[in-house]
Amino acid sequence: MTSNLHLWRKAVNYIMFSLAGLCTLATVSVLFGILGFLVWKGASSINWDFFTQLPKPVGEAGGGMANAIVGSFKLVLLAAAVGVPVGFISGVYLAEFGGRKFPALIRYVADLLNGVPSIVIGIFIYALVVMPMKRFSTLAGGLALALMIVPVTMRTTEQFLRAVPDSLREAALALGASKWRMVATVVIPASMHAVLTGTLLGVARVAGETAPLLFTAFNNRFWSPGWDQPTASLPVMIFTYAIAPYEDWHRQAWAAGLVLLVSMLAVNIAAHRILSMRMARRSGR
Amino acid sequence: MKAQLQSRPGWLQRALKQNPADLAAHLFTWAFAAGILVVAVLLVYELYAASSLSRKEFGWSFLLSSEWDPVQDKFGALPFIYGTVVTSVLALLLAAPVGVAAAIFLSELAPPKISDSLTFVVELLAAVPSVIYGLLAIFTMVPLLREVIQPFLQKHFGYLPFFQGPMYGVGLLAASLVLAVMILPYIVSISREALLAVPPEQREAALAVGATRWEAAWQVVTPYAGLGIAGSIFLALARALGETMAVTMVIGNAPNISASLFESGYSIAAVIANEFTEATGEMHLSALIQLGLVLFGITIIMNAIARIMLAATSRKGQTR
């Protein structure tokens with residue numbers, strides 16, 4: 001009897017862990033499924049034209065997404081130029097200067113801001129920037145993305161600054177450095193590498209955002225000069241092309257999807273490598 | 001009393017005693033942090049102010065009316081709330097068991113090296129843009145649903161109200177499935193962290209009294225990490241409620257309220273994405289912004305619950 005029970009419990013152990021393993025396998029295989037499918041459908045449509053030509057009018061085959069690629073770059077550049085400094089400096093405040101209550105409030109608000117649906121961020125920037133300017137623009141799209149970068153950068157900065165050992169801080173103070181000198185010349189340089197890498201991840205993530213761009217940056221079938229014109233971007237192009245009824249557009253949507261995904265994966269993997277290499281070096285010392 | 005006051009000077013005195021450069025740096029960084037607070041307040045204010053037209057016209061009945069008629073300026077949010085909640089909850093029901101099981105596997109059985117690399121893949125999955133999920137869903141999952149899965153469900157479970165009606169592929173079921181796949185990585189990676197934070201003594205004690213590894217994982221470790229796992233599920237729910245692109249691409253975009261999951265539906269985020277730039281009048285735009293306000297409210301509540309749960313678990317871990 002007891003041995004039967006024992007067998008039963010062993011069987012349950014085995015079966016449940018196998019099922020859990022299958023669940024893991026299923027989750028992980030989704031990524032490879034997505035990548036494989038995009039390569040299969042999109043690779044054949046990636047050519048020189050894709051990177052250098054403007055979209056062709058409906059019905060004409062060929063053309064590319066050069067304006068969307070440049071548009072995405074400009075949007076992300078603006079977003080990073082605005083969002084990263086704001087997030088970084090606030091992160092420095094939280095890690096080095098903050099007291100108790102106010103930083104807790106800021107952290108909570110940042111977390112909530114991080115959880116705001118991106119489409120709602122789009123509405124906010126529409127009301128704040130697009131309505132007064134009376135036009136969609138790269139500026140509005142970039143600000144919408146910047147707003148999504150800030151909370152991520154802030155928490156990353158705080159986390160990595162806190163990881164700097166206190167002995168470094170104490171050494172700097174003992175040498176007579178004032179607090180801001182200690183922060184600026186010891187703590188920040190010691191963590192700069194990790195902070196930058198983490199920030200890069202946050203920036204890469206917003207590069208794939210579509211919803212906040214729909215009614216801020218809008219879309220454009222031509223080049224968008226300057227910063228105050230509507231602009232195309234890769235994610236919005238993918239959306240527009242995927243739901244359109246034209247075979248040739250679907251082909252291009254696959255190609256754009258592949259380009260977007262591969263560049264995001266590349267940034268993520270590179271950042272992960274850099275971070276884990278630093279970690280290994282630290283612990284090896 | 002006086003001595004106490006002197007030993008604990010007010011913040012102003014403390015600030016003035018500081019090195020002026022330190023004070024400047026403090027104020028400078030403080031201003032940026034406070035700026036985040038200002039932006040958050042501004043966000044709520046803008047949503048509130050920009051939706052005033054529709055809020056005054058419809059009031060709370062906005063939430064309960066199922067009429068959405070831009071031509072006659074009659075707007076109600078019910079079909080969109082219904083579509084949002086049904087797809088998100090169904091996605092959660094599908095994803096939570098798989099995600100938690102995977103998290104248990106990764107934290108309790110897999111060797112650390114394998115667990116770390118698999119978790120990295122899961123985190124990459126979370127970085128895949130939602131428009132790419134939508135793209136794949138339109139061209140792979142929707143035909144599969146239409147040709148294979150929906151006919152199967154209707155044939156064998158057609159007596160249930162969920163699986164009746166015409167089979168288009170797109171609809172509530174398609175949206176739920178995409179959402180389930182999209183929120184899976186969040187559940188796995190946050191639940192895994194909660195499980196890893198459980199002190200090893202808990203496992204050792206269970207194993208020492210003769211539990212199998214599964215019994216230790218399921219009856220001891222998982223309940224201990226329960227709050228963190230619940231937090232991960234709420235966080236995933238908040239993500240699902242606010243998810244826009246993938247849902248817009250497969251939900252069918254028709255404001256129906258139907259028990260059948262095969263039927264087309266509409267979610268709050270999807271209707272905003274589709275109609276915002278084509279809004280016919282001020283009332284239409286205002287109603288869409290009010291929908292945004294509703295969505296904002298729902299996700300903020302879900303997030304707040306999730307954060308409280310996760311904060312409680314990390315405190316629990318620290319006190320050990």
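Taking into account only those residues within segment B:43-62 that are among the hydrophobic types (A, V, I, L, M, F, W, C) and surrounded by fewer than 14 Cβ atoms within 10 Å (Cβ to Cβ), which is nearest to B:A77 (Cα to Cα)?
Residues of segment B:43-62 among the hydrophobic types (A, V, I, L, M, F, W, C): B:43-44, B:47, B:49-50, B:53, B:58, B:60, B:62.
Within this subset, residues satisfying the condition of being surrounded by fewer than 14 Cβ atoms within 10 Å (Cβ to Cβ) are B:49, B:60.
Values: B:A49: 18, B:W60: 10 Å.
So, considering only residues that are among the hydrophobic types (A, V, I, L, M, F, W, C) and surrounded by fewer than 14 Cβ atoms within 10 Å (Cβ to Cβ), the one nearest to B:A77 (Cα to Cα) is B:W60.
B:S65 meets all of the listed conditions (1) outside the structural domain of B:A279 (by TED's automatic domain parsing); (2) surrounded by fewer than 16 Cβ atoms within 10 Å (Cβ to Cβ); (3) part of a helix (DSSP H, G or I) but one, namely (3). Scanning segment B:253-271 for residues that are closer than 16 Å to B:L177 by Cα, touching a Leu at 6+ places or on another chain (Cβ under 8 Å) and not polar (S, T, N, Q) yields B:L261, B:F262, B:E263, B:G265.
On the stretch given as segment B:123-176, residues that are in contact with a Ser or Thr (Cβ under 9 Å, 6 or more places away or on another chain) and charged (D, E, K, R) total 1. Among what's in segment B:263-320 and is modelled with pLDDT under 90 and touching a Pro at 6+ places or on another chain (Cβ under 6 Å), pick the residue that is nearest to B:F58 (Cα to Cα). Of everything passing the filter in segment B:263-320, B:T280 is nearest to B:F58 (Cα to Cα).
So that you can scan it fast, the table gives a plain yes or no per residue for (1) surrounded by fewer than 22 Cβ atoms within 10 Å (Cβ to Cβ); (2) in contact (Cβ under 8 Å) with a residue 24 or more places away in the chain; (3) at negative phi:
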{"site": "A:F51", "(1), (2), (3)": "yes, no, yes"}
{"site": "A:L54", "(1), (2), (3)": "yes, yes, yes"}
{"site": "A:A79", "(1), (2), (3)": "no, yes, yes"}
{"site": "A:G83", "(1), (2), (3)": "no, yes, yes"}
{"site": "A:S90", "(1), (2), (3)": "no, yes, yes"}
{"site": "A:L94", "(1), (2), (3)": "no, yes, yes"}
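Scanning segment B:176-206 for residues that are away from chain A (no Cβ under 14 Å) and closer than 21 Å to B:T248 by Cα gives a single hit, B:S176.
Mind telling me which of the residues A:A255, A:A211 ends up being of a type in the set (G, A, S), touching a residue at least 40 places away in the same chain (Cβ under 8 Å) and within 23 Å of A:W40 (Cβ to Cβ)? Explain how you work it out, then say what you get.
Numbers: A:A211 fails: within 23 Å of A:W40 (Cβ to Cβ).
The match here is A:A255.
Among the residues examined, A:M154 qualifies as on the phi < 0 side of the Ramachandran plot, within 9 Å of chain B (Cβ to nearest Cβ) and part of a helix (DSSP H, G or I). Residues that are away from chain A (no Cβ under 14 Å), modelled with pLDDT of 95 or more and assigned to a helix (DSSP H, G or I) do occur in segment B:93-111. Is at least one residue of segment B:232-252 over 30 Å from A:I121 (Cβ atoms), among the aliphatic types (A, V, I, L, M) and part of a helix (DSSP H, G or I)? Scanning segment B:232-252, I find no residue that is over 30 Å from A:I121 (Cβ atoms), among the aliphatic types (A, V, I, L, M) and part of a helix (DSSP H, G or I), so the answer is no. The set of residues in segment B:42-66 that are in contact with a helix residue (DSSP H, G or I) (Cβ under 9 Å, 6 or more places away or on another chain) and within 12 Å of chain A (Cβ to nearest Cβ) comprises B:L42, B:L43, B:V44, B:E46, B:L47, B:Y48, B:A49, B:A50, B:S51, B:S52.
The values are calculated or read from the model by the stated rules, or taken from the named source; none is laboratory data. Predicted, not measured: the structure shown is a model, and the values here were computed from it. Positions of Cβ are backbone-derived with ideal geometry, glycine not excepted, and every protein chain shown enters the neighbour counts.
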